[in-house]
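Single-structure report; data block below.
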Amino acid sequence: MPTPEPVRTDFRPLTQADFAVPAHLLARRLIGCLLLVRDGPDVAGGIIVETEAYLGIHDRASHAFAGRRTARNQSMYGPPGLAYVYFTYGMHHCLNVVCADVNVPAAVLIRAIQPTVGLHLMQTRRQGPLPERRLCAGPGRLCQALGISLVDDGRRFGGSRSRLSVGMPDVKMDNSRAIRTTRIGVDYAGSWASRPLRWVLAGSPWLSRSPHS
DNA sequence: TTGCAGATCATCT
DNA sequence: GATGATCTGCAAG
């Protein structure tokens, strides 16, 4: 019989102004923030420990490279503070936070969280039991654990009663250990592949991959 | 611990 | 028809 954890909703949600910054700044800012996803009475989420910035039309690794605008990526062109959720490899969803400005297709991919809220629910969704460090370590795993799918594409990150919310916890994690590394899985992107646009909380056991592997 | 192959399908060319 | 902002299990070292 699992012990229910307290549901923490005591945090300051980020506002549209917080999201209206370039992706590399938001990627840094999100490290240490709390991400929560509600599903009726259920809540799941945790502390963001790994992000990647996708800068826009000049970023070869971005879905919006060269101004590409399709049915899939149109959320990227929306106002800051939307979710851009896409489906890939035939089985995985990935969650991004749209930032910058309307018609500027920049976004931050959430790659890993330290799960803190709704652990039992996340284990169920992931068909666990799994070691906690594998529960939300990777963009696909994270979406599965949080129950995120294409129905969340274009949804707004709102206040603590919204389905999606992200914000500063009342006791903010020390993110002075946030460091930059290169992004994962974008080897095809030429010189953009070697740009340090991935942020991780150094030494965190919850990362999808260590910075030096 | 590391590396590879297979799964599986929306999206784009 | 090819590909991918991935994950998993298994085999090899």
Practice task
Among A:A71, A:A100, A:A189, determine the one that fluctuates most according to a GNM of chain A built with springs between C-alpha atoms less than 10 Å apart.
Solution key: A:A71
Exercise for the section: First select every other residue whose beta carbon is under 9 angstrom from the beta carbon of A:P196; then total the charges, Lys and Arg +1, Asp and Glu -1. Expected result: +4
Exercise for the section: Give the carbon-plus-sulfur fraction of the accessible surface of the range A:1-94 in %, rounded to a whole number; probe 1.4 Å, heavy atoms of protein chains only. Expected result: 57
Completion exercise
Taking placed amide H atoms and a strict 5 Å upper bound, the residues 5 or more places from A:R111 or on another chain that come that close are A:E50, A:T51, A:E52
Completion exercise
Diffing the range A:11-27: the Karplus 3J(HN,Hα) column from phi (6.51, -1.76, 1.60, θ = phi - 60°), in whole Hz with x for Gly and Pro, holds 8, 9, x, 5, 9, 4, 5, 5, 7, 7, 9, x, 4, 5, 6, 5, 4
Fill in the blank from the handout: Taking a ≥ b ≥ c as the square roots of the eigenvalues of the Cα gyration tensor, with a/c under 1.5 meaning rounded and otherwise prolate when a/b exceeds b/c and oblate if not, the range A:70-116 is oblate
Practice task
Consider a paramagnetic label point 7 Å from the Cα of A:R161 along Cα→Cβ; state which residues of the range A:32-57 have an amide N under 19 Å from it.
Solution key: A:36-44
Handout entry: chain A: calculated mean residue ellipticity at 222 nm from DSSP helix runs of at least 4, using -39500 (n - 2.57)
Key = -3000 deg cm²/dmol
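So what is the relative contact order for chain A, in percent, with contacts set as C-alpha pairs under 8 Å and at least six apart?
Values: 511 pairs, mean separation 58.6, N = 213.
Relative contact order for chain A comes out at 27 percent.
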Handout entry: In sequence order, calculated HN-Hα J values of the range A:68-85 (Karplus, 6.51, -1.76, 1.60; Hz; x Gly/Pro)
Key = 4, 9, 10, 4, 5, 9, 5, 4, 4, 8, x, x, x, x, 8, 8, 10, 10
Exercise for the section: Treat each spin label as a single point 7 Å out from the Cα along the C-beta direction, and report the A:V102 to A:L130 distance in nm. Expected result: 3.8
Handout entry: Charge tally in the Cβ shell below 13 Å around A:A53, where Lys, Arg are +1 and Asp, Glu are -1, A:A53 excluded
Key = +4
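The values are calculated or read from the model by the stated rules, or taken from the named source; none is laboratory data. Not measured: the values here are computed from a predicted model. Don't worry about glycine lacking a Cβ; one is built from the backbone with ideal geometry, like all the others, and counts go over all protein chains shown. To get the accessible areas, we keep the full protein, side chains included, count just its heavy atoms, and leave off ligands, DNA and RNA. Shrake-Rupley method; radii C 1.70, N 1.55, O 1.52, S 1.80 Å.
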